[in-house]
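Only one structure is covered here, and it is reproduced in the block below.
The values are calculated or read from the model by the stated rules, or taken from the named source; none is laboratory data. This one's a predicted model, so the numbers in the text were calculated from it and none came from an experiment. Here the Cβ positions follow ideal geometry from the backbone for every residue, glycine too, while neighbour counts run over all protein chains shown. To get the accessible areas, we keep the full protein, side chains included, count just its heavy atoms, and leave off ligands, DNA and RNA. Shrake-Rupley method; radii C 1.70, N 1.55, O 1.52, S 1.80 Å.
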Amino acid sequence: MAITKIQSESVNLGDNFAFTGTVTGAGGTNTPRFKVYNSSDQSISNATNTQINFNSEFFDSNGAFANSIFTVPSGQAGFYLITMRYIMSGSFNARMILYLRNNSTDIMGIQNHHETTDGGIILTTVVELAAGSTATARAYQDSGSTRTIVGGYQWNEFSGFKLT
C-alpha cells in the first residue's frame, strides 16, 4: 500500500528512515577546509611569540591557505573547527604555549608546563571567522634557550573546516 499523504503528527523524527531516491538539502560540504604541516624543523627563540611555518599541504579545498596563513574566502564567513599541534624536541623545563591568532589578535591559547624530553601541545576550538580574516598558529616557550618544533606531518599540524 502506497502512502499518499503523511501528516506531521504521524512521523516520529527519532526513527531511522531508508530512502531509495535522492535526498537533497541534508548535511553540508564543510568547505573551505585545509590541513597543512611543516616538513622541516623550526627554531623557536626563548620568550618570544613566533608564527609557526607550514610549508606542505595535505589538502586545501579552496586554495585559501598560503604562506602559513589561512584566509577565509569571500562568502565563507561562519563558524570553523580549528586544530593545531606541535612537538618540541629536547629535554627542558619550560612553559609551552600554542596560540590561534585571528588577524593581528591572539584569540585562543593553551599552555602546558613541560618537564621531560620532547613535549607536545594541542589546541582544538570552534571560532567565528569573517570573510577575509586570517588565522595563524603561534608558538611560545620559555626554556632559557632556543628550542625546535619537530618537522614532519606526524609531529605538527594546522587544520580547519567550516561548520556553518
| note | Being touching a His at 6+ places or on another chain (Cβ under 7 Å) and of a type outside the set (Asp, Glu) narrows 147, 95 down to just 95
| query | Given the stretch 1-79, what strands (runs of 3 or more DSSP E) lie entirely inside it while holding 1 or more residues that are closer than 18 Å to residue 134 by Cα and at pLDDT 70 or above? | reply | 33-37, 56-60, 69-71
| What residue, among those in the stretch 79-93 that are open to solvent by 20 Å² or more (accessible area, probe 1.4 Å) and touching a Gly at 6+ places or on another chain (Cβ under 8 Å), is nearest to residue 37 (Cα to Cα)? | 85
| task | Could you tell me whether the stretch 151-159 includes any residue that is in contact (Cβ under 8 Å) with a residue 40 or more places away in the chain, closer than 25 Å to residue 59 by Cα, open to solvent by 10 Å² or more (accessible area, probe 1.4 Å) and part of a strand (DSSP E or B)? | result | yes
| Can you find a residue in the stretch 112-125 that is farther than 30 Å from residue 76 by Cα and among the hydroxyl-bearing types (Ser, Thr, Tyr)? | yes
| said: Would you confirm, using the coordinates I've provided, whether residue 140 is assigned to a strand (DSSP E or B) and over 14 Å from residue 70 (Cβ atoms)? | reply: yes
| note | Subset of the stretch 94-141, residues under 19 Å from residue 42 (Cα atoms), surrounded by fewer than 16 Cβ atoms within 10 Å (Cβ to Cβ) and in contact (Cβ under 8 Å) with a residue 40 or more places away in the chain, comes to 95
